[in-house]
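Read through the structure below, which is laid out as structure tokens, and then see the notes.
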There are 2 protein chains.
Amino acid sequence: MNPFTAIRAESVTAHGELRLIAEIRRWLGKTSPKSPFGIGDDCAVIPPTKRYQLVTTDPVLYGQHFDDTVPPRAVGAKLLKRNLSDVAAMGGRPVAAVVALALAPDTRVGWLREFHRGLAACALRHRVKIVGGDITQAPAGFFGAFLTLHGVSTGPRVVTRGRALPGDRIYVTGALGGSLLGHHYKFTPRLAEGAWLARQKEVCAMMDVSDGLAKDLNALTPDGLAPALIGSAIPIREAARRCARVTKQAPLFHALGDGEDYELLIIVYYRADKDRFERNWKKRFPRVKLSLIGTFARKDNMPTGALRLVDYRGYEHLR
Amino acid sequence: MNPFTAIRAESVTAHGELRLIAEIRRWLGKTSPKSPFGIGDDCAVIPPTKRYQLVTTDPVLYGQHFDDTVPPRAVGAKLLKRNLSDVAAMGGRPVAAVVALALAPDTRVGWLREFHRGLAACALRHRVKIVGGDITQAPAGFFGAFLTLHGVSTGPRVVTRGRALPGDRIYVTGALGGSLLGHHYKFTPRLAEGAWLARQKEVCAMMDVSDGLAKDLNALTPDGLAPALIGSAIPIREAARRCARVTKQAPLFHALGDGEDYELLIIVYYRADKDRFERNWKKRFPRVKLSLIGTFARKDNMPTGALRLVDYRGYEHLR
């Protein structure tokens, strides 16, 4: 099912802007607060906060982040989940979102309804309010939804990408690769895990893996250091193995380069008690795998046998 | 000058994503704070605030909000100013923005540089920080920039679209119509005026005129009431008269329907001292025209000679 229709009566153009906005509020249901705290005024109003605030923005575009095989409800959920994953990576809690839609005149109202129901269900689950937005006409065949998410810190600190030191340990949650086979919209953002990790003093940096480990790790790597990864320790998603059978690449290639994993990449201080940290994790999240996949080393002092990341590429947004 | 190039070496694709992000930070200059308060982490961090917060989102799309005749710097400024106008309409002060870009592979880097310089100059003037964003690939020929702006209240209240009563007076700043001839990107958002108006107890509601007075006034009109406008009191921009000479419509038609005026529409309480309010305005903003254009009346008790708004249409976003 794609977002467009050849039947004019089913299109957003036939529907009209004002009616569409009224319906969007209805589709969003309880996640759409009353004006001025929600849709309906020049700005949405958010009450004051004593916490550090977090802001992130990520879109979904037709042909880029989803295709005809992804159900519209899953597209709506994915739009929010992509942003939730960023808030999780700072150890935050999501609060409110605005959504700017760029719609082709032939966008199908029925598709848009399911999209919003998926968005609303995900927002309800994570206690996010959809407080505002915009609708703009786009060229035929184009669908883009641009969400900006606001969150707050859950404790005394937010975890940044930080500054790793030699010997610091690199962990990753879950498993990696092959997201194209469904994980890219079926994932669960690691919010509970991120908030817990932000409270552990052992954790010195964190980010979410969205463009593939090989590329994203660069953002955590200070000048002069390099990640020394243990190839055999990298958790490979079953779907990555399935992809590998088709592409004739090594499964590890998919695990490092595919992107859209939405797992957490965690740096733990080299002097921290590693066993205690891992024990506490297992107690708190018995069903979520946590893998120690390597350490940071000085470039001129790399351990033998460490994986050469330069052989793997992550997802490039402009090709 | 349009946003695209036929020469691959000049395109964002040839440039590459990481280099482009580094350059965007350079183009934004002082308006781009250091990470984690700016670009470079999973989320941008904004310090706590004791004030009511305001959030709004508005994009610029090629072919929709600008064409080849608008200089790229003006496009960048317009993107921010559209959002500033919404913050002004609540009586707020802008603080920080994130920008999601949807770029065709053939987007010209030089055009994008000028766009960002225009955005940065406008952000600097209004003390707005550009704290984050996203870049996604879009189909050929597409350029969209989606900005979400955060602001805070400047005083004890934010001014909403409120609830007008019979007899309440309707004012508008500046003049209306013909924005297509240049005003749509040359306007100055009414931030100082909005903040001042929020402090006047006479003001009971406010919004910005972006889709044309005829359409936008509906948003301020409660059930059972209608605006009773005085046709001769509506301030007509000189450009609206120029448009009228071409379209053979009345200049008033353009003033009421053209949109993109970015003026403030103000409702003043019917029992307020009108002369005192107007005197104070003149003292504070001697160079900005304020026009009393009508009052709200009961639908079954409209004054004779009042303008029939139903004959005029504002801008429809989905045609």
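Quick notes on this one:
- Here the gap between A:Lys201 and A:Asp68, fully extended at 0.36 nm per residue and compared with their Cα-Cα distance, gives a gain of 43.4 nm.
- Cβ-based charge dipole, the stretch A:169-311, positive-most Cα from A:Ala226, A:Ala240, A:Leu256: A:Ala240
- Residue mean of other protein chain beta carbons inside 10 Å, A:144-154: 5
- Distances between copies at A:Ala219, taken between label points 7 Å from Cα along the C-beta direction, are 3.4 nm in increasing order.
- Relative contact order for the stretch B:169-311: 47 percent, from Cα pairs under 8 Å spaced at least 6 residues apart, divided by residue count.
- In summary, the aspartates and glutamates within cross-link reach of A:Lys282, defined as a Cα separation below 13 angstrom excluding same-chain residues under 8 places away, comprise A:Glu193.
- Farthest toward positive dipole pole in the protein assembly as shown [+1 Lys/Arg, -1 Asp/Glu at C-beta], among B:Asn83, A:Tyr270, B:Leu28: A:Tyr270
- Debye, to nearest 20: dipole size of chain B, +1 on Lys, Arg Cβ, -1 on Asp, Glu Cβ: 1260 debye
- DSSP-loop trypsin sites (Lys or Arg not before Pro) across the stretch B:252-314, with at most 15 other Cβ within 10 angstrom: B:Arg271, B:Arg287, B:Lys289, B:Arg308, B:Arg313
- What separates the Cα centres of the stretch B:37-77 and the stretch B:160-230 is a distance of 23 Å.
- Across identical copies of the chain, A:Tyr270 has label-point separations of 7.6 nm, listed in ascending order, with the point defined 7 angstrom from Cα along Cα→Cβ.
- Simple spin-label estimate for A:Ala22 and A:Leu124 gives 2.3 nm between the two label positions (7 Å along the Cα-to-Cβ direction from each Cα).
- Highest-MSF residue in chain B out of B:Arg19, B:Arg127, B:Arg113 [GNM, Cα springs under 10 Å]: B:Arg19
- The relative contact order of chain B comes to 21 percent, based on Cα pairs under 8 Å that sit 6 or more residues apart.
- Alpha-carbon centroids, the stretch A:101-121 and the stretch B:245-272: separation in whole Å: 32 Å
- Residue among A:Val60, A:Val209, A:Val45 with the largest mean-square fluctuation in a Gaussian network model of chain A, springs linking Cα atoms under 10 Å: A:Val45
- The chymotrypsin sites (Phe, Trp or Tyr not before Pro) of the stretch A:179-288 that meet both conditions, a loop assignment by DSSP and at most 16 other Cβ atoms within 10 Å of the site Cβ, are A:Tyr270.
- Label 7 Å beyond Cα on the Cβ vector: B:His15 copy-to-copy distances, nm: 3.5
- Cα gyration tensor, the stretch B:169-311 - rounded (a/c under 1.5), prolate or oblate: oblate
- Normalised by the number of residues in the stretch A:1-74, the mean separation of alpha-carbon contacts (under 8 Å, six or more apart) gives a relative contact order of 33 percent.
- Residue exposure proxy: A:Phe4, B:Phe66, ordered by other Cβ atoms within 10 angstrom of their Cβ from fewest to most, comes out as A:Phe4, B:Phe66.
- Lysines whose Cα lies under 23 Å from that of B:Lys299, excluding same-chain neighbours fewer than 8 positions away: B:Lys215
Coordinate-derived values only; no laboratory data. Keep in mind that this is a model prediction, so the values were computed, not measured. No Cβ is skipped: glycine too gets one built from the backbone with ideal geometry, and neighbour counts run over all protein chains shown.
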